[in-house]
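Just so it is clear, none of the values below were taken in a lab; they were calculated from the coordinates. What you see is a predicted model; the values in this text were computed from it and never measured. Reconstructed Cβ throughout: ideal geometry from the backbone, glycine too, with neighbour counts over all protein chains shown.
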Amino acid sequence: MPELPEVETICRALRDELTGARIRRLDLHARGLRHPFPEGMADCVRGKRIRRIERRAKYILMHLDGGDVLLCHLGMSGRMAIHATIPAERGRHDHVIFTLADGRGLIFSDPRRFGSLELTHETRLEDHPRLAPLGPEPLGNHFSAATLSRALDGRRTAIKQALLDQKTVAGLGNIYVCEALWRSGISPLRQAAGLTESEVADLHGHIRAVLLDAIAAGGSSLRDYRRASGEMGYFQHDFAVYGREGEDCQRPACPGSIERIAQAGRSSFFCPRCQH
DNA sequence: CTACCATCCTGGTTGC
DNA sequence: TGCAACCAGGATGGTA
């Protein structure tokens, strides 16, 4: 479910609340979600302190004592919530429960079970099969108009598809791709390699801008997403196109209305009047 | 490379 | 009101 801004919002809250906390125990109430939980994960993390929490693409990385790293992906419906105490009754989709030494709980729940929780080590983090293929962080220094241009070079697939591909740039999903393309005035149907240099430069800037705007709003709360504190994000009110099929285009003086089409089985929302 | 398909699951919404 | 169809923010591996 969550895309980069939602994961970033959750990550910041977890970082504020959990850095330095010690894990008393980890209880797994499933064999795994998208992937099986690693053998011995609960034993490995027991008693360790959470040293540092960071985000890579849509993954939450929790660095523990000894260099072990928990790699968590929320999939489409995953939630991470901090509780002052462990609730007496386990929720239907609470698959992973961390009990901290101070009595608090961190609960990973995921109705659709597309999320994942894996264990690796700092020394081989970048080689991890989930992380190794990822493209640059869109808000990082290695993502520039030039690197985006290079990533799109020679790709005959639609720009919509190319941007959803995590190898092009990491962390975008359906919502923010639609929004960035609208802000850029570029049709999702355009061939990726066919964008002009100036269009790529616009797109690069708008990808960053829409992500920063969404992070500033605490992410977007559609069905499942909540911040780690349980609060909603608010960026869904600022969508220009996502989920706005039939509504008037918000671009000043544009008489168009938002259309929805399917690309590779996913919905694309755009204004055919001002996105070329 | 590319397009396309299926798959992992559950739950909310829509339409009859 | 009931029920079935459809839809969903993702990632991956297979096929042609």
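A few comments on the model shown:
- Full-stretch length increase - A:Cys254, A:Arg266 - with 0.36 nm per residue and alpha-carbon distance subtracted: 1.8 nm
- Between helix A:174-184 and chain A there is an angle of about 40 degrees, using the helix long axis and the longest principal axis of the Cα atoms.
- Residue-by-residue Karplus 3J(HN,Hα) for the stretch A:150-162, coefficients 6.51, -1.76, 1.60, Hz, glycine and proline x: 5, 5, 8, 4, x, 9, 8, 6, 5, 4, 4, 5, 4
- When the Cα gyration tensor is reduced to axis lengths a ≥ b ≥ c, the ratio a/c is 1.5 or higher for the stretch A:1-49, and with a/b not above b/c it is classed as oblate.
- Prolate/oblate/rounded label for the stretch A:115-224 (Cα gyration tensor, a/c 1.5): oblate
- Sorted peptide list for A:163-173, A:17-27, A:252-262, A:75-85, criterion being average Cβ within 10 angstrom, highest first: A:163-173, A:75-85, A:17-27, A:252-262
- Anchor A:Lys48: lysines whose Cα lies under 29 Å away (excluding residues fewer than 8 positions away in-chain): A:Lys58
- Cα extents for chain A along the principal axes, largest to smallest and rounded to whole angstrom: 58, 36, 29.
- Estimated translational D of the stretch A:1-99 in µm²/s (Stokes, Kirkwood radius over Cα pairs; 37 °C; 0.692 mPa s): 233 µm²/s
- Neighbourhood charge, 15 Å Cβ-Cβ cut-off, centred on A:Arg24 and excluding it, Lys, Arg +1 and Asp, Glu -1: +2
- Under 5 Å between amide hydrogens, built in the peptide plane, is the criterion, and for A:Leu33 it picks out A:Leu117 among residues at least 5 positions away or on other chains.
- Shape of the stretch A:51-151, Cα gyration tensor, a/c cut at 1.5: prolate
- J(HN,Hα) series, the stretch A:125-138, from Karplus relation 6.51 cos²θ - 1.76 cosθ + 1.60, nearest Hz, glycine and proline x: 4, 5, 8, 4, x, 7, 9, 4, x, 5, x, x, 5, x
- Where only DSSP H runs of four or more residues are counted, chain A gives -7000 deg cm²/dmol as its mean residue ellipticity at 222 nm, each run worth -39500 (n - 2.57).
- Taking amide H atoms as placed 1.01 Å from N in the peptide plane, the amide H of A:Ser268 lies under 5 Å from those of A:Ile261, A:Ala262, A:Gln263, each 5 or more residues away in sequence or on another chain.
- Taking amide H positions as modeled 1.01 Å from N, with prolines and chain starts lacking one, the residues under 5 Å from A:Thr168 and 5 or more places away or on another chain are A:Gly135.
- Backbone geometry of the stretch A:265-276 corresponds, through the Karplus equation with coefficients 6.51, -1.76 and 1.60 at θ = phi - 60°, to 3J(HN,Hα) couplings of x, 10, 6, 10, 10, 7, 9, x, 7, 10, 10, 10 Hz, x marking Gly and Pro.
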